[in-house]
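Only one structure is covered here, and it is reproduced in the block below.
Each reported figure results from applying straightforward, stated rules to the coordinates on display, with no laboratory input. All values reported here derive from a predicted model rather than from experimental measurement. So basically every Cβ, Gly included, is an ideal-geometry build from the backbone, and we count neighbours across all protein chains shown.
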């Protein structure tokens, strides 16, 4: 996704958690820093970041049909995916309504083949763990918003302990990879989904266009709006983007961030196959696709708009869900 989309997703996730009574402490940490921390949401795309967590292969989970050992491990049925992610995800709703992907498609093993320690799921898990450590080592301004108190942090000087600004920056960095998991082209190894084709960059431009009025890096940094006003501005885009959020923010069923992210990627992969049929665009095809292809009839246009809204909706909801999971990892003792 583009810069403005990433910024909006993270800021909107913070606003969504502000409506969740269970997340008051995390919101208190994040809210004052939303304008300054916004850089974290798109920083992993910058060249310097490629030397760290922003390595290009950490932004994708490119799946394709798999034939090899333990094939059954890489099959996720439609029912299992629906159960795993729940009804709150808009991609799940679209998958539930879809009639184009048959039992054969859902019964096929699909696998991504990233390098060691690479891919979106590993990056989300790694940053989630880093954030838990940051909260354990937090300074007093952060610690007062965490239910459990940690004796370990008392052994550190104030300079060594994690400041709210650092925590916020890393939460926003985490949002980048969660958002990428919700961009269907990041999860599809077919040529049509590569960034060298038309479809991927064109679709990302469609997603970002309504958000370029405020949420680019330059406009956010130069804005005179307060943090609360920026959060309100993020919410004001809901109608134009076709998103509406249910309350409260859901929880991860088995506390496994890695499995949750893989399931999100699997849903994204399914959405791309609904939009671009594997019969018309098989794995070995070099055919490309344009967003203009969906203007041929009202039904195609409506489907493309629904998938775009679902991707943005789920990027916000999944970010809020994983952020909530991190903040609720520590119970009072």
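Straightening the chain between residue 259 and residue 224 buys 8.6 nm, computed as 0.36 nm per residue apart minus the Cα-Cα spacing.
If the segment from residue 149 to residue 133 were pulled out straight at 0.36 nm per residue, it would be longer than the present Cα-Cα gap by 4.5 nm. Shown for 161, 225: other C-beta atoms within 10 Å of each C-beta, ranked fewest to most, produce the order 225, 161.
If R0 equals 30 Å, the separation of the Cβ atoms of residue 77 and residue 235 corresponds to a calculated FRET efficiency of about 0.25. Taking 0.36 nm per residue of sequence separation and removing the Cα-Cα distance, the residue 293/residue 102 pair yields an extension gain of 66.5 nm. Divide the volume of the convex hull around the Cα atoms of segment 133-222 by the residue count and you get 159 Å³ per residue. Structural descriptor for the chain: relative contact order 33 percent, calculated from alpha carbon pairs under 8 angstrom and at least 6 residues apart. A simple spin-label model places the labels of residue 46 and residue 19 3.2 nm from each other, with each point 7 Å out along Cα-to-Cβ.
Just so you know, the Cα atoms of segment 3-327 work out to an Rg and Dmax of 19.6, 65 Å.
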